[in-house]
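Contents: one structure, followed by commentary.
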Amino acid sequence: MPQYDIHINEFEDKKELYDYQKGAIDAIFERIDNASPQHHLLYQLPTGGGKTVIFSEIVRRYLKKHDKKVVVLTHRIELCKQTSKMLKGFGVTNKIINSSIKELPDQNDYSCFVAMVETLKNRINDEKLRLDNIGLVIIDEAHYNSFRKLLNSFKKSFILGVTATPLSSNIKLPMHQNYDELIVGDTIESLINKGFLAKANTYSYDVGLTSLKVGINGDYTVKSSDELYSNMLMQEKLLHAYTEKSLGKKTLIFNNGITTSLYVCETFREAGYNIRHLDNTSSNEERKEILYWFKHTPNAILTSVGILTTGFDEPTVETIILNRATKSLTLYFQMIGRGSRKLENKSEFTVIDLGNNAARFGLWSDPVNWQHIFKSPEYYLENLRDDAEIEMHFKYVMPAELRAKFKNSKEVSFDIDEEHKLAIRQNLRSKVVLDKSLEQHAGMCVENSGNLQEAKLLAKELQDDIECRVKRFSKCLSQSSKNYREWLIEDYKTKLNILIGKKYREKIMNDLD
């Protein structure tokens, strides 16, 4: 069987420290040297800023100054291996505590240990493993809550958590309950301007998310996401977005469900594109082979689920497609961060958003008040724009290829809001707005077709435009239920076909005259 070398974050010599990293290290050591030995400090730095480099240098310097040991905690085995290699690059001899290690008879031979949270917790609970003289505990990806289980085991240690997003994965367990303070590192915009991160060019495609349901974890459920993103319209929208903005580029697609990702794989394959699928059920060998292929194939497309948001670093990625919606700020930053690594021939990358995520959180490089989020996470989450508000601002823009099919029509847009205001001023019933819209749509279909059948086929192409207009209209009404809106859409389509038929009969009669 062939061997696939997919090691990431490989290096031979100690990493060079940049000024912003040195500044962060100095600020952290000021706390280590002057705060209580049991102080809990949280440090934030964007993905790609070099958090592992920073805390590896902290470990090296700490061990040089203190006669105590260090434990580095991660939440995934891949991160354990990467962290261990980085520490070795800084001259720190360390031992990984993995599932095969039941006891540590040689712990005096090491000054630094790298462990998964769950593994270490289990070993401590078994009372077969005890770590002595630990002065510093570093928690990678500290926004996860699993580390809380180990805090009682390190009551006398200085705790340093590092994360790109100091917002707990569980709103009921806010980070300010476990950390005394937060130090905020350089911003994404600053790291872009200094040449450390690539610039993201974001393209958002409006997606109606009213069918999505929110689960107990606060994010959209896999089931409702699969139902939405697996349907033909969404698959076509994804394929269109790829061909319009990312054709021929190395592309990483994030999905919420395995069913969706498999549909994506099949859709792109049928369209003739070079694509593979990867999820957390893939075997280790399969994962290695696929990532090797992705790394070495210039136009590769990889569609994935829940496996490449952390611990994966492929700098050659040119496009990130968010083929999902999320309410998790952390996940939003993690997904986009997979494309932010800069190369000599890569200073920018593309983000295609098919989940209204940029409208919900802001652009990836927008300023974020992390101190406010750290201290008041509930306030931040409660004030995120909800889907209904986001959809209120949707403006339908007819795609260029569809506009070409209506080339005989001078105007194809229709301002529902303005027409509704006009109807109110004129004391007319609201329904005249949809009547005017129907007149325009029917006219477009008739004047761009050679017969009735062609006109009715053109009407089917207006599905997105119709839905957008009806949704805008329903927002103008004081009360409008989802069922009523759905009925309006179906009624609109029925009336459109009838009106097209009427207009064609009038056209035939006029031609006879």
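The values are calculated or read from the model by the stated rules, or taken from the named source; none is laboratory data. Here the structure is a predicted model, which is why all the values come from computation and not from measurement. Here the Cβ positions follow ideal geometry from the backbone for every residue, glycine too, while neighbour counts run over all protein chains shown.
Taken over the stretch 182-228, the residue count meeting the criterion of being over 21 Å from ILE171 (Cα atoms) and touching a residue at least 40 places away in the same chain (Cβ under 8 Å) is 26.
Among the residues of the stretch 254-280, those that are of a type in the set (Val, Ile, Thr) and farther than 15 Å from SER225 by Cα comprise THR267, ILE275.
Does any residue of the stretch 485-508 turn out to be in contact with a His (Cβ under 6 Å, 6 or more places away or on another chain) and modelled with pLDDT under 95? No: the stretch 485-508 contains no residue that is in contact with a His (Cβ under 6 Å, 6 or more places away or on another chain) and modelled with pLDDT under 95.
For the stretch 360-413, a tally of residues being surrounded by 14 or more Cβ atoms within 10 Å (Cβ to Cβ), among the polar types (S, T, N, Q) and touching a residue at least 40 places away in the same chain (Cβ under 8 Å) returns 2. Considering ILE301, ILE253, the condition of being touching a strand residue (DSSP E or B) at 6+ places or on another chain (Cβ under 7 Å), closer than 23 Å to ILE390 by Cβ, among the β-branched types (Val, Ile, Thr) and crowded, with 21+ Cβ neighbours inside 10 Å is satisfied by ILE253 alone. Across the stretch 398-424, the qualifying residues are those that are among the basic types (Lys, Arg) and outside any helix (DSSP H, G or I), and the one among them that is farthest from SER437 (Cα to Cα) is LYS407. Filtering LYS149, LYS85 for residues that are assigned to a helix (DSSP H, G or I), in contact (Cβ under 8 Å) with a residue 40 or more places away in the chain and under 34 Å from the mean Cα position of the chain (by Cα) leaves a single hit, LYS85. Residues that are polar (S, T, N, Q) and touching a residue at least 12 places away in the same chain (Cβ under 8 Å) were ranked within the stretch 229-242; the one that is farthest from ASP279 (Cα to Cα) is GLN235.
Results for (1) free of Cβ contacts under 8 Å to residues at least 24 places away in the same chain; (2) out of contact with any helix residue (DSSP H, G or I) (no Cβ under 6 Å at 6 or more places or on another chain), shown as yes or no for each residue.
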{"site": "LEU477", "(1), (2)": "no, yes"}
{"site": "SER480", "(1), (2)": "yes, no"}
{"site": "GLU486", "(1), (2)": "yes, yes"}
{"site": "GLU490", "(1), (2)": "yes, yes"}
{"site": "LYS495", "(1), (2)": "no, no"}
{"site": "ILE498", "(1), (2)": "yes, yes"}
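Please specify each residue of the stretch 315-330 satisfying the condition of being of a type in the set (Val, Ile, Thr) and assigned to a helix (DSSP H, G or I). Selection gives THR330 alone. Restricted to the stretch 105-141, and to residues there that are within 14 Å of VAL71 (Cα to Cα) and in a loop (DSSP other than H, G, I, E, B), the residue that is nearest to the chain's Cα centre (by Cα) is ASP140. If you check ASP180 against the conditions, is it more than 16 Å from the chain's Cα centre (by Cα), surrounded by 20 or more Cβ atoms within 10 Å (Cβ to Cβ) and acidic (Asp, Glu)? Judged against the criteria, ASP180 is not a match.
Yes/no matrix, rows are residues, columns are (1) over 26 Å from SER304 (Cα atoms); (2) in contact with a Pro (Cβ under 6 Å, 6 or more places away or on another chain); (3) not hydrophobic (A, V, I, L, M, F, W, C):
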{"residue": "LEU160", "(1), (2), (3)": "yes, no, no"}
{"residue": "LEU167", "(1), (2), (3)": "no, yes, no"}
{"residue": "ASP180", "(1), (2), (3)": "yes, no, yes"}
{"residue": "GLU189", "(1), (2), (3)": "yes, no, yes"}
{"residue": "ILE192", "(1), (2), (3)": "yes, no, no"}
{"residue": "GLY195", "(1), (2), (3)": "yes, no, yes"}
{"residue": "THR202", "(1), (2), (3)": "no, no, yes"}
{"residue": "THR221", "(1), (2), (3)": "no, no, yes"}
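Among all positions in the stretch 466-481, there is no residue which is on the phi < 0 side of the Ramachandran plot, buried (at least 16 other Cβ atoms within 10 Å of the Cβ) and outside any helix (DSSP H, G or I).
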